[in-house]
Amino acid sequence: MSSHIMVFDSGIGGTTVLAHIQTLLPHAQLSYFMDNAYLPYGKLSPETIVARLTSLLQYIETQQLRVDILVIACNTASTLALTKVRELTDIPVVGVVPAIKPATLLTNTKRIGLLATPATVANCYTQQLIAQYGANTVVDLYSSVELVAIAEHLYYSGEFEQAKFTQEMDRLAVKTNTDVLVLGCTHFPILSQPIDSFYDGKIKLLDSGAAIAKRVATLIGGQNYSKLTANNNSYRISQKKPLHYYATASVLTNKLTVEQVKLID
């Protein structure tokens with residue numbers, strides 16, 4: 001039986017991580033769980049996030065979903081609650097954290113930016129990453145929840161809210177000599193093309209999706225994922241299994257078939 005990997009996020013942003021996992025592990029059983037009733041997590045307290053993830057673990061157990069690896073594809077939840085969640089389950093849990101270290105290795109100007117939710121930006125774990133890896137680099141912090149909403153709308157409707165996007169990017173006012181921007185929210189890669197265009201391709205965008213997929217593949221083992229080379233993309237796509245989507249609130253779209261469930265705090 002193939003391994004069951006569940007990817008979790010507050011909304012649809014974690015699908016950017018899911019896509020990397022799908023590509024690397026085409027034979028795995030994949031499910032996607034979004035706690036969209038509490039979207040966005042960037043505005044929640046750490047206690048509320050821990051409570052929601054605890055409820056998720058209870059749901060997995062009571063429904064006997066037999067999850068082999070749980071991926072918390074949410075930077076906010078990972079930075080605030082990953083340690084606690086790992087204490088509550090025997091399921092291996094993989095988190096997503098801002099790619100500060102690789103960004104400091106890529107920058108030439110020695111000035112990078114972290115674009116994330118307010119909760120991730122303010123979190124002590126994020127500050128520890130900056131202190132550990134950014135000693136010789138200026139790390140500017142930028143927070144946005146508006147971009148989360150814009151990404152959700154784009155994913156579901158296909159409509160890009162250009163005016164709102166431009167207004168928000170202008171408000172963020174990323175420093176002109178920044179040459180690497182860390183996308184510290186899994187929603188933001190959905191907007192990677194418009195963000196890249198906004199900066200005329202002069203700022204390198206960096207997220208953790210590929211690295212997380214490799215970590216999952218290493219934990220799974222036995223999948224021989226290293227034998228699936230970049231030349232076999234068509235094979236990978238044709239072998240992908242159907243995804244099962246869960247949500248805690250209604251999703252008004254025909255794009256996905258979603259099972260709505262309830263988490264009890």
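Readers should treat all values here as calculations from the given coordinates under stated rules, not as data from a laboratory. Since we're looking at a predicted model, the values are computed, not measured. Cβ sites come from the backbone with ideal geometry, for glycine too, and all protein chains shown count toward neighbours.
Some notes on this structure:
- In sequence order, calculated HN-Hα J values of region 166-178 (Karplus, 6.51, -1.76, 1.60; Hz; x Gly/Pro): 4, 4, 5, 5, 5, 5, 5, 6, 4, 4, 5, 8, 6
- Restriction of the trypsin sites (Lys or Arg not before Pro) in region 172-224 to DSSP coil positions whose beta-carbon has at most 11 other beta-carbons within 10 angstrom yields LYS202.
- Most mobile of LEU106, LEU141, LEU18 in a GNM of the chain (Cα contacts under 10 Å): LEU106
- Choice from VAL138, VAL180, VAL97 with maximal GNM fluctuation in the chain (Cα, 10 Å cutoff): VAL138
- Bridge orientation summary for region 100-206: considering DSSP beta bridges with both residues in this region, about 0 percent are antiparallel.
- Computed over the chain with a Gaussian network model linking Cα atoms closer than 10 Å, the most mobile of THR104, THR83, THR54 is THR83.
- From its DSSP helices (H runs of at least four residues, each -39,500 (n - 2.57)), the chain gives a residue-normalised ellipticity at 222 nm of -12500 deg cm²/dmol.
- The angle separating the long axis of helix 75-88 from the principal Cα axis of greatest extent in the chain is about 40 degrees.
- Dmax and Rg, reported as Rg then Dmax, of the chain (C-alpha, Å): 18.1, 52
- 0 to 90° range, to nearest 10: angle between helix 209-220 axis and the chain longest Cα axis: 30 degrees
- Neighbour counts of other Cβ atoms within 10 Å put SER143, SER2 in the fewest-to-most order SER2, SER143.
- P(r) tail fraction, region 70-174 - alpha-carbon pairs more than 17 Å apart, %: 61 percent
- Counting only alpha carbon atoms, the long axis of helix 46-62 and the longest principal axis of the chain meet at about 20°.
- Exposure proxy ranking, count of Cβ atoms within 10 Å, fewest first, for PHE33, PHE165, PHE160: PHE160, PHE165, PHE33
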